[in-house]
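Working notes, beginning with the structure itself.
The values are calculated or read from the model by the stated rules, or taken from the named source; none is laboratory data. Here the structure is a predicted model, which means the values were calculated and not measured. Every residue, glycine as well, gets a Cβ built from its backbone with ideal geometry; the counts of neighbours run over all protein chains shown.
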Amino acid sequence: MDAAKQRDIASKGGQSVPAAKRSFAQDPALAAEAGRKGGQSVQAESRSFSRNRELAAQAGRKGGQATQGNRSKAAATRATEPSE
């Protein structure tokens, strides 16, 4: 299948969802609900973070570092932009 046809099919899937529910960034409560549902669908013995707390801690640190890095980049960009 060519790339254009694949994009067309994928976009139809996204369009079938109401705009209010398309982005978790717009609705954190919706994201939290989806996360809970996903967690409940996995058997307890298959949940890697519940079995390995160090793995969970590492993932949390990595996420925090990524967030901090994005903030630093944004601040640097603002500092170098000319003011109007």
### Query
What number of residues in the stretch 22-65 are closer than 30 Å to residue 12 by Cβ and of a type in the set (D, E, K, R)?
5
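Can you tell me which residue among 39, 64 is part of a helix (DSSP H, G or I), under 19 Å from the mean Cα position of the chain (by Cα) and either among the basic types (Lys, Arg) or at pLDDT below 80 (or both)?
On inspection, the qualifying residue turns out to be 39.
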